[in-house]
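Q: This is the structure I have questions about; it appears just below.
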Amino acid sequence: MGRSDAGDRDYKQVVRDAIDSMGENIEIKIDSKDINTIHLHEATKCLRLSYYDRTDPIDTEQTQFNKVLGGLFRKMKSHSSIGKYDMGGGLTLKGQVDMIQEDVILLFRSIDKFPENPLPVDMLYVNACMWMFNKIEGVIVYITPDGKEDSFVTNRNQKMFEEVIKRTRVFQDFLKENRLPIIEPSQDCLTCPYYERCYIRKKEGKQISIASLFGKFGKEDKI
Ligand code: SF4
């Protein structure tokens, strides 16, 4: 056992290809041209991110891995389901749950570190699923790379669902009018593949230190 030397088979690439092909089979298929069907995971995350994913996507290993994890649960067909919510005017919101067990909606997410509270994007998603599948309880299950699991239980909330409905309509308008949504600044931007399109190029960002500020505005610059 050991790392492969130069000239050997590129095992990293083999693994990457394997994950990619799993992702292809199980990821939620979006027809980017069909703007009358909006997917729940598009409406619950940053709308600009969803817009880029449809119109000019960048695929990353991280997003592929998350697709695989959720997808593995959804692949268990006896447990997963696709729900549709008719929004009127020909617009449909489509959502897929990872699992429904004993009338409880279950959502599985990989995460580096357990959060103190469930992530807002996951709250919106699981809550919308409760409305779409007519259930009143949901559980978000976080799984860390070492295989540990922690869960949050939540009840159905109408206001949160109304927000998702509004976001779905707004997102469709952006697509219809070919307009780029405004940025939604959050911690998620730090790991977003489109960071450089919204802000500055990461590596060229100049660090500003307190010391340099003092150097620049010394005593003589006092107002
Ligand atoms: S960097 Fe932030 S604002 Fe820009 S698309 Fe990503 S999540 Fe949205």
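Q: Which count do you get for residues in the stretch 83-115 that are more than 13 Å from ILE38 (Cβ to Cβ), among the aromatic types (Phe, Trp, Tyr) and at pLDDT 90 or above?
A: Residues meeting the conditions: 1.
Q: For the stretch 142-185, which positions are basic (Lys, Arg), surrounded by 13 or more Cβ atoms within 10 Å (Cβ to Cβ) and in a helix (DSSP H, G or I)? Steps first, please.
A: From the stretch 142-185, those basic (Lys, Arg) are 148, 156, 159, 166-167, 169, 176, 179; that's our starting set.
Narrowing the set further to residues that are surrounded by 13 or more Cβ atoms within 10 Å (Cβ to Cβ) leaves 156, 167, 169.
Selection gives ARG167, ARG169.
Q: Which of the residues that make up the stretch 33-60 are over 14 Å from the mean Cα position of the chain (by Cα) and aliphatic (A, V, I, L, M)? Please lay out each step first, then the result.
A: Step one: filter the stretch 33-60 for residues over 14 Å from the mean Cα position of the chain (by Cα), giving 33-38, 55-56.
Of everything in the stretch 33-60, those that are over 14 Å from the mean Cα position of the chain (by Cα) and aliphatic (A, V, I, L, M) turn out to be ILE35, ILE38.
Q: Considering only the stretch 110-141, how many residues are within 16 Å of GLN96 (Cα to Cα) and part of a helix (DSSP H, G or I)?
A: 12
Q: Which ones in the stretch 21-64 are part of a helix (DSSP H, G or I), modelled with pLDDT under 90 and more than 16 Å from the ligand (Cβ to nearest atom)? Write out each step before concluding.
A: Taking the stretch 21-64 first, the residues part of a helix (DSSP H, G or I) are 21-26, 40-44, 47-55, 61-64.
Within this subset, residues satisfying the condition of being modelled with pLDDT under 90 are 21-26, 61-64.
If the condition is that a residue be part of a helix (DSSP H, G or I), modelled with pLDDT under 90 and more than 16 Å from the ligand (Cβ to nearest atom), then SER21, MET22, GLY23, GLU24, ASN25, ILE26, GLU61, GLN64 are the ones that fit.
Q: Mind listing just one residue for me: the one in the stretch 168-193 that is at pLDDT 95 or above and in contact with an Asp or Glu (Cβ under 9 Å, 6 or more places away or on another chain) and, of those, nearest to the ligand (Cβ to nearest atom)?
A: So the residue we want is PHE171.
Q: So, TYR142, is that one at pLDDT 95 or above and of a type in the set (Ser, Thr, Tyr) or not? Step through it out loud before you land on a result.
A: Values: at pLDDT 95 or above: no; of a type in the set (Ser, Thr, Tyr): yes.
For TYR142, the condition - at pLDDT 95 or above and of a type in the set (Ser, Thr, Tyr) - is not met.
The values are calculated or read from the model by the stated rules, or taken from the named source; none is laboratory data. Here the structure is a predicted model, which is why all the values come from computation and not from measurement. Here Cβ is always computed from backbone atoms with ideal geometry, including for glycine, and neighbour counts include all displayed protein chains.
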